[in-house]
1. Can you find, among Gly206, Ala289, Gln125, the residue sitting farthest towards the positive end of the charge dipole of the chain, where Lys and Arg contribute +1 and Asp and Glu -1 at Cβ?
2. Does segment 66-208 come out rounded, prolate or oblate by the C-alpha gyration tensor, with a ≥ b ≥ c the root eigenvalues, rounded set by a/c under 1.5 and, if not, prolate when a/b is larger than b/c and oblate if not?
3. Out of all DSSP beta bridges in the chain, what portion is antiparallel? Express it as a percent rounded to 5.
4. Can you give me the span-like helices of the chain, meaning DSSP H runs with 20 Å or more of Cα extent along the axis and Kyte-Doolittle mean at or above 0.0?
5. Which listed residue (Ile33, Val271, Thr236) has the Cα farthest towards the positive end of the charge dipole for the chain, taking +1 on Lys and Arg C-beta and -1 on Asp and Glu C-beta about the Cα centre?
6. Sequence-distant or interchain residues sharing an amide H contact under 5 Å with Met152, placed H: which?
7. Which entries of Lys45/Lys273; Lys278/Lys306; Lys27/Lys63; Lys168/Lys306 have Cα-Cα distances beyond 22 Å here?
8. For the chain, what is the charge dipole size about the Cα centre, in debye to the nearest 20, if Lys and Arg each add +1 at the Cβ and Asp and Glu each add -1 at the Cβ?
Amino acid sequence: MNKRMYLPVFGLLVALFLSLMISSEGKTEPIVIRFSHVVAEDTPKGIGAQMFKELVEQRLPGKVVVEIYPRSEKFTDEQAIIGLLLGDVEMVAPSFSKFCRFGKSLEIFDVPFMFDNVAEVHRFQQSDAGQKLLSSMESVGIKGLQYWDNGMRVLSANKPIKAPEDLKGLCFRIESSRVFYSQYTGLGATPMILPYKELPEALKIGIVDGYENSWSNILASKLYLLRRNYTEVDHTFLGYMVATSVSFWDGLPDDIRQELERALNEVTDKVNKLAEEKAMADRATLLEAGLVEVISLNEDERQEWKDLLGPMASQFADDIDPKIMLSAKEAKY
Ligand code: LMR
């Protein structure tokens, strides 16, 4: 090819380059927030993630896009927390138990009978110590943004459970929590840590005999098809910390961060209101359809569990910030 033949090709390339420059000029790519979670869409967390997406995209059109990855589609909670630090995901909302290895004080939520009901959990979360807990993992790069509710956990196994000794010899799936591990070994059962997405299969093939979870997860993940007996011990609460990474959050423009915080505050109020209503509604749906047998304990029966599991608070007290422990105790009525 001679020089004269090169010229039109070169001209075309320059024109292409300039047109690309012009079209990208003035048009900023939206910030993408990948929100990963492990439960179904029709749960307080699933609904909350969707509300957050709608509110953010309506208030920050073209500036922020929220992509939701439910049902462990992208990551298990354990992977997602690490994914935050690696920049693979920007928002997560795992249960408190799953954060414990990054901040031991979060174990306060797993200690049996630390909170007797949702109102006590809320009083603690709104206290100064409860609010400080949100920033307790910042030194490792994790920033807590809000607390979202699910509900009290109920116990289930392949036989009716009424008294603590009924658990002896059974294998229970647990979340990655040291406190739950001690709880089940203390009751003579064998705990097995499994990610949520493996729970249905583990119950189906009988690797585990039982598990504990909230009514909304039991309904939405169809766990009721795999175990029929449910006992309301009211020993712990299933709640979440909505979290991001310090580097992502601090790197956002101020106006965007403030708008995201505003949206998240509004969604949090709604999620926590609906979680309580949904727990009761989902329980009623299962019960009225005859899909589950529910054992509710009277005060004496519950006291038997409390006497056995209550002293666990002192076992973990050395690892939990004393201010957190005090505040949790003060939240009791
Ligand atoms: C579990 O692993 O059982 C729960 O934490 C799942 C969830 O997110 O509610």
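1. Gly206
2. Taking the square roots of the gyration eigenvalues as a ≥ b ≥ c, segment 66-208 is oblate.
3. 50 percent
4. Span-like helices in the chain: 3-24.
5. Ile33
6. HN-HN under 5 Å from Met152: Leu238.
7. In this structure, Lys278/Lys306 lie more than 22 Å apart at Cα.
8. Details: 38 positive and 49 negative charges, 223 e Å.
Roughly 1080 debye for the chain.
Just so you know, all these numbers are worked out from the coordinates, no wet-lab data involved. Everything quoted here is computed from the prediction, not taken from an experiment. Please note: Cβ atoms are built from the backbone with ideal geometry, for glycine as well, and neighbour counts cover all protein chains shown.
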